[in-house]
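S.K.: Below: one structure in structure tokens.
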Amino acid sequence: MARSVPMTSTVPLPRRPLDPGAPAAGDSSAGPEARARHWYENDLGWPTVPGPPGRPLRLLTGVRFDVLDVPAEAGAEALRHLAPGSPVALRGDRMELLLAAGSAEELPGLLDWLEWGALPLDLRVLGAGDTLEAPRPPAGRAAAHGTVQGAAVWLRPPGPGRGVEASLPAMPAGPATPVGREGSAPDLVRLVDTVAAQCHRVRLRRVCAGHPAGRRDQPLAFS
């Protein structure tokens, strides 16, 4: 019997109205956090919250997008399942894949459906009520963001005015075809299946190499 895939429909929220008093990204008279916040909020329409003192501001997840945080090695294998305009950030040895808002709620059921739910996987998802440290803006806007050791950078940066949210992996709005047939399954299903498989391979390789499983690998965490 064919398994039914959980479904969700994501409608992007309207962009924040342009604040005429906000500093432009290239305004040298404004501080780096103010210029970065202007880029995220006014150019992209993404809500932000202030970061701790001395740290970059943070992006509010669960509004315009959710985030899947995975080992960079696992994330690299999944890039082929992403649309060209789908943003991806890199933070050290971790990759942060942006998903359609609401995906965090779908992940537990989707992993169970894909038969990965019972295994410890080194991934976490950020959704409603969570925040993500804002990556440094891409080339040409780097001065708008403070440089912090170990801060995230955009591997695939978002672009203003291109309908970023429409490019994010999401669950289908209708019945899906069987998983495993390349090009037939919805983007989020293929993405999650690939990432979970790679996380499992990375974990097994570390165990075989003698690395304590508890040091780098952690149970699946949903915020």
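S.K.: Restricting attention to segment 56-104, report how many residues are part of a loop (DSSP other than H, G, I, E, B), within 21 Å of Glu165 (Cβ to Cβ) and out of contact with any Asp or Glu (no Cβ under 8 Å at 6 or more places or on another chain).
M.R.: Residues flagged as part of a loop (DSSP other than H, G, I, E, B), within 21 Å of Glu165 (Cβ to Cβ) and out of contact with any Asp or Glu (no Cβ under 8 Å at 6 or more places or on another chain) within segment 56-104 amount to 5.
S.K.: Which numbered condition in (1) of a type in the set (S, T, N, Q); (2) at pLDDT 60 or above; (3) under 20 Å from Thr48 (Cα atoms) is the only one that Thr147 fails?
M.R.: Thr147 satisfies all of (1) of a type in the set (S, T, N, Q); (2) at pLDDT 60 or above; (3) under 20 Å from Thr48 (Cα atoms) except (2).
S.K.: So, in segment 150-166, of the ones that are among the charged types (D, E, K, R) and not in a loop (DSSP other than H, G, I, E, B), which residue ends up modelled with the highest pLDDT?
M.R.: Taking the candidates together, the pick is Arg156.
The values are calculated or read from the model by the stated rules, or taken from the named source; none is laboratory data. Predicted model, so just to flag it, every value in this text is computed and none were measured. When we count neighbours, we look across all protein chains shown, and the Cβ atoms used for this are built from the backbone with ideal geometry, even at glycine.
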